[in-house]
Structure formats: C-alpha cells, structure tokens
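The values are calculated or read from the model by the stated rules, or taken from the named source; none is laboratory data. Because the structure is predicted, anything quoted here is derived from the model rather than measured. Heavy atoms of the whole protein, side chains included, go into the accessibility calculation; ligands, DNA and RNA do not. Shrake-Rupley method; radii C 1.70, N 1.55, O 1.52, S 1.80 Å.
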Amino acid sequence: MKSLKSLWQRADRRLWVLSILIGFVVTWLVNIVPFINKVERFAVFYLLLYGAFAIWTGFTLQNRRRCWQAFVFPVSFLLAAHLFGPMYSLYFAPAYLAVAYLAWSMVRANRNK
C-alpha cells in the first residue's frame with residue numbers, strides 16, 4: 001500500500017487527467033456525435049490530435065527516468081475505442097504508445113549529448 005501511495009505522489013497528475021480526458025472522453029464523443037463523419041474522425045482526431053498528444057506525452061515525460069506513464073493515454077484510448085469505436089481504431093493504441101516512447105527517447109538522447 002505504501003508503494004502505491006509513493007507511486008501516485010510521483011505521478012504527473014496533469015498528464016493523467018489529460019490522458020484520460022482525451023483518451024476516453026474525447027474518443028467517446030467523437031464516436032457518438034453524428035455530424036463527425038469517418039474521414040474527419042480518422043484524419044483530424046486519430047492522426048492529428050491523438051498523434052500530437054502522444055508526442056506531447058513523450059516530451060512531458062522527458063525528465064522521468066522511466067516512461068511508464070506513457071501507457072495511460074493509449075490504454076484509456078484503447079478502452080474507449082473498444083467500447084465505442086470501429087474495430088480499426090484498436091490498432092492506433094500501440095501506435096500512440098510507440099510515438100510517445102519515440103518522442104521520450106529522442107528528447108532524452110538529445111539531452112544526454
């Protein structure tokens with residue numbers, strides 16, 4: 001119990017809140033709102049918005065030694081996509097994790113030079 005408490009104290013709460021808000025709530029809204037068609041959903045939200053958020057996640061975690069918090073956004077997106085979205089959207093969750101990890105590792109590599 002003590003380790004969970006210390007883990008939560010070290011966690012970036014802003015990142016957690018935004019990851020859950022964008023990953024679950026926005027994905028839920030995008031998939032239930034009738035005036036957003038499939039092309040807009042794919043191009044604007046799945047590629048641009050969520051991709052940019054995954055990059056921001058990696059940059060935000062640059063001072064962390066381990067980037068386990070990068071899992072919060074893809075997992076919340078995966079849950080919402082599984083419940084409300086089309087089947088092809090499930091494949092984006094590992095891609096967002098990979099983009100966040102790539103941004104995190106590139107920033108750390110540049111900082112260590």
**OP:** Take L79, L48 and sort them by solvent-accessible surface of the protein heavy atoms, 1.4 Å probe, largest at the top.
**Re:** L48, L79
**OP:** Could you rank V107, V39, V25 by how accessible they are, 1.4 Å probe, largest area first?
**Re:** V39, V25, V107
Subject >> Nearest-ten-degree value, helix 50-60 long axis tilted from longest Cα axis of the chain >> reply: 10
**OP:** Take the solvent-accessible surface of the protein heavy atoms, probe 1.4 Å, and return the percent of it on the chain that carbon and sulfur atoms account for.
**Re:** 71
**OP:** Quick one: among F42, F24, F53, which has the greatest mean-square fluctuation in a GNM of the chain with alpha-carbon springs under 10 angstrom?
**Re:** F42
Original post:
Of [x] 0.92; [y] 1.02; [z] 1.05, which one was derived for Rg/Rh (Cα atoms, Kirkwood Rh) from the structure shown?
Top reply: [y]
